[in-house]
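See below for the structure under consideration.
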Amino acid sequence: QMQLVESGGGSAQPGGSLRPSCLMTETVFVSMAWYRPAPGKERELVASISRGRTPTFYADSVKCRFTIPRGDAKNLVNLQMNNLKPEDTAVYYCKEATGNMWPWGRGPQVTVSS
């Protein structure tokens with residue numbers, strides 16, 4: 001069965017970079033997204049890509065800093081996080097952008113501090 005294996009979190013200083021990854025154990029061409037908890041919400045959409053792996057959305061708070069690289073393997077959905085800020089500290093979750101095909105994973109922890 002499909003599993004989303006999330007990894008690649010860690011700690012970074014402000015201005016640093018991290019690259020969480022999401023490995024799809026099956027190659028399924030669906031739109032994918034990264035989420036994180038947000039005040040007043042269970043989660044907020046951070047970034048998403050179409051099933052063709054073109055970007056469809058970046059939250060204003062991460063625009064021009066985060067990208068989902070388009071050159072990665074089809075079964076990898078990475079989140080390239082540059083110029084990190086302390087407010088980016090969160091658990092990040094990878095999941096399909098629409099619907100609820102698969103359960104939420106554990107998510108990699110990203111911590112940004114001096």
**Asked** With no solvent and one point per C-alpha, what does the Debye sum give as log10 I(q)/I(0) for region 65-114 at q = 0.20, 0.28, 0.30 Å⁻¹?
**Response** -0.85, -1.18, -1.21
**Prompt:** Using a 1.4 Å probe, how large is the accessible area of LYS63, given in Å² and rounded to the nearest 10?
**Reply:** 100 Å²
**Request:** Could you tell me the convex hull volume per residue, in Å³, taken over the Cα atoms of the chain?
**Result:** 92 Å³
**Complete:** The answer for the net charge of residues other than ARG70 whose Cβ lies under 15 angstrom from its Cβ, with Lys and Arg +1 and Asp and Glu -1, is +3
**Complete:** Convex hull around the C-alpha positions of region 1-46: the volume in Å³ per residue is 114 Å³
**Prompt:** When the accessible area of the chain is split by element with a 1.4 Å probe, what percent falls to carbon and sulfur?
**Reply:** 50 percent
**Message:** Using a 4.7 Å cut-off between beta carbons, which cysteines in the chain end up with no partner cysteine at all?
**Reply:** CYS64
**Message:** In the chain, once you exclude exposed chymotrypsin sites (Phe, Trp or Tyr not before Pro) (DSSP loop, at most 15 other Cβ within 10 angstrom), what's the longest stretch remaining?
**Reply:** 30-103
**Accessible area expressed per residue, region 61-111, with surrounding protein chains retained (probe 1.4 Å, Å²)** = 52 Å²
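The values are calculated or read from the model by the stated rules, or taken from the named source; none is laboratory data. Owing to the predicted nature of the structure, the values given are computational and were not obtained by experimental measurement. Positions of Cβ are backbone-derived with ideal geometry, glycine not excepted, and every protein chain shown enters the neighbour counts. In case anyone asks, the SASA skips ligands and DNA or RNA and just uses the protein heavy atoms, side chains included. Shrake-Rupley method; radii C 1.70, N 1.55, O 1.52, S 1.80 Å.
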